[in-house]
1. So, restricting to strands (runs of 3 or more DSSP E) that lie completely within region 67-169, which ones have at least 2 residues that are aliphatic (A, V, I, L, M) and in contact with a Lys or Arg (Cβ under 9 Å, 6 or more places away or on another chain)?
2. Which members of region 44-65 meet the condition of being touching a Ser or Thr at 6+ places or on another chain (Cβ under 9 Å) and within 23 Å of G225 (Cβ to Cβ)?
3. Contact list please: Cβ distance under 6 Å, first residue in region 193-207 and assigned to a helix (DSSP H, G or I), second residue of a type in the set (D, E), pairs at least six apart or on different chains.
4. Mind counting the residues in region 265-294 that are in a strand (DSSP E or B) and within 11 Å of Q334 (Cβ to Cβ)?
5. So E310 fits all but one of (1) in a strand (DSSP E or B); (2) surrounded by 21 or more Cβ atoms within 10 Å (Cβ to Cβ); (3) over 17 Å from the mean Cα position of the chain (by Cα); what number is the exception?
6. Considering only region 12-33, state which residues are more than 24 Å from the chain's Cα centre (by Cα) and within 20 Å of N84 (Cβ to Cβ).
7. So, L356, is that one aliphatic (A, V, I, L, M) and in contact with a strand residue (DSSP E or B) (Cβ under 8 Å, 6 or more places away or on another chain) or not?
8. Can you give me the number of residues within region 91-138 that are more than 22 Å from D248 (Cα to Cα) and among the acidic types (D, E)?
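The values are calculated or read from the model by the stated rules, or taken from the named source; none is laboratory data. The shown structure was predicted, so the numbers you read here are calculated from the model rather than taken from an experiment. Reconstructed Cβ throughout: ideal geometry from the backbone, glycine too, with neighbour counts over all protein chains shown.
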Amino acid sequence: MADLSGHPVGSPFPAGVSFGTDGIRGRVGTLMTPALALQVGYWGGQVLQGEGPVLIGRDSRTSGAMLAAALEAGLTAAGREVWNLGLCPTPAVARLVQQLGAAGGVMVSASHNPPQDNGIKLFAAGGAKLGRRQQQAIELGLRGELTPALNRCGNIYQRQDLLDNYRQLVRQGLVDNQLSGRRIVLDLCWGSATACSTELFRSLGAEVIELHGTPDGEAINVGCGSTHLEPLQQAVLQHGAEMGFAFDGDADRVLAVDGQGRLVDGDHILFMWGSALAAAGQLPKQLLIATVMSNLGFERAWSSRGGALERTAVGDQFVHQAMEQQGAALGGEQSGHILCAHHGMSGDGLLTALQLAALLEKGETLADRRNQSFVSYPQRLQNVQVPNRERRKEWQKCIPLVEAVAQAEAEMAAEGRVLVRASGTEPLLRVMVEASSSELVDRWIDTLSVIAERELNK
């Protein structure tokens, strides 16, 4: 069996094709091709457990339909029945896999990446992202180290109607008119959030002002959404809105701004939502799970109120794993991936936005809640282009950079920290400096970034 490029099922791909921190992601036509999607679908169909259907969703990218069709071909070649959800948020796939008892799910999206990129995220039965062992099994198939077999073919069904089930899941626990009287701006990023966000907020009584509100695969993430908050901040101030929410391309994360146009990031959301759960007796051990990127100001403020915070590596799958191991109810990332055990343990930007808005008492604003949370330490993140994957992943072998990091940490001592890590989805080394003063942050982020770029690109 072959796709239009003539690449047959079972024919090997280069060893460099592998799962990153959030699936497989890259430039369409270079890494992300119908040939690759066909084989990921086939080997994914072999790896998934259970006899139920496999759900497929996608964001608005122009290449999404092409890659989804190739994935369907691969899955059906593996004997799987496929239910196509069409345009939807990534968490809709995860939540519906769980609700329907499906064998698994696939989302075609490159999240916050530019329109030229696309990606494939796979979910196991139960709605959790595919585990590392299953990913490795798929990688063996992609490298031609497993023998394919075409025994029977599955069918494909169009099930866009299932998005109604997702809407009901997201609304669970909320009541009509709960957001009545609140003017809210939504930046839908031309992406997955356009499928249902506005109608859900309006169904709860909110007055919604919509930005970038139609699906547009050529414009997704371009100057908008959770990676570009300026349009949202301007709209909130211009319209006198109480708050605003910006989603990324596949709507699995969200960032907010208050009525003064100030950022409310994932750390603030964890603090506010965690405080509400703790007050209701629904936060075991007063524990929050965050990542190494979370702000020191957040950690110290949460600790001062009797809470505990455990950090993980960057990536919502690591947060998910720690939450399960520790029995935690809430966790997430500064970037806006928030997971709540009371709502299915899937990062869901729309659910998070609705829950945050619903926390507010009558007469209370998001700005009020933000004022009561914490003061962030100055923090800067600099992305350094390092196309060489191995040098990027093994930056610790770069002596000049390691020595500079040690010097920075020694100078800042307990009043700051440095984090250097290789991106799992882009050809970037991410350098973060956080300290009690902006002067320290600016000086060291500039120094470390210059050294990293010079030394790692030799």
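1. Details: elements: 82-87, 104-108, 117-124, 156-158.
In region 67-169, 82-87, 104-108, 117-124 are the strands (runs of 3 or more DSSP E) which contain 2 or more residues that are aliphatic (A, V, I, L, M) and in contact with a Lys or Arg (Cβ under 9 Å, 6 or more places away or on another chain).
2. The initial filter retains those residues of region 44-65 that are touching a Ser or Thr at 6+ places or on another chain (Cβ under 9 Å), namely 45, 57-61, 64.
Answer for region 44-65, where residues must be touching a Ser or Thr at 6+ places or on another chain (Cβ under 9 Å) and within 23 Å of G225 (Cβ to Cβ): G57, R58, D59, S60, R61, G64.
3. Listed pairs, sorted by first residue: T198/E210.
4. Start the filter on region 265-294 by keeping residues that are in a strand (DSSP E or B), which leaves 287-291.
From what is left, the residues that are within 11 Å of Q334 (Cβ to Cβ) are 290-291.
Selection size over region 265-294: 2.
5. Here E310 meets the rest and fails (2).
6. To start, the set of residues in region 12-33 that are more than 24 Å from the chain's Cα centre (by Cα) comprises 12-15.
The answer is none; no residue qualifies.
7. Details: aliphatic (A, V, I, L, M): yes; in contact with a strand residue (DSSP E or B) (Cβ under 8 Å, 6 or more places away or on another chain): yes.
Here the answer is yes, as L356 does meet what is asked.
8. First, pick out the residues of region 91-138 that are more than 22 Å from D248 (Cα to Cα): 98-104, 124-126, 131-138.
Right, trim to among the acidic types (D, E) and you get none.
The number of residues fulfilling the criteria is 0.
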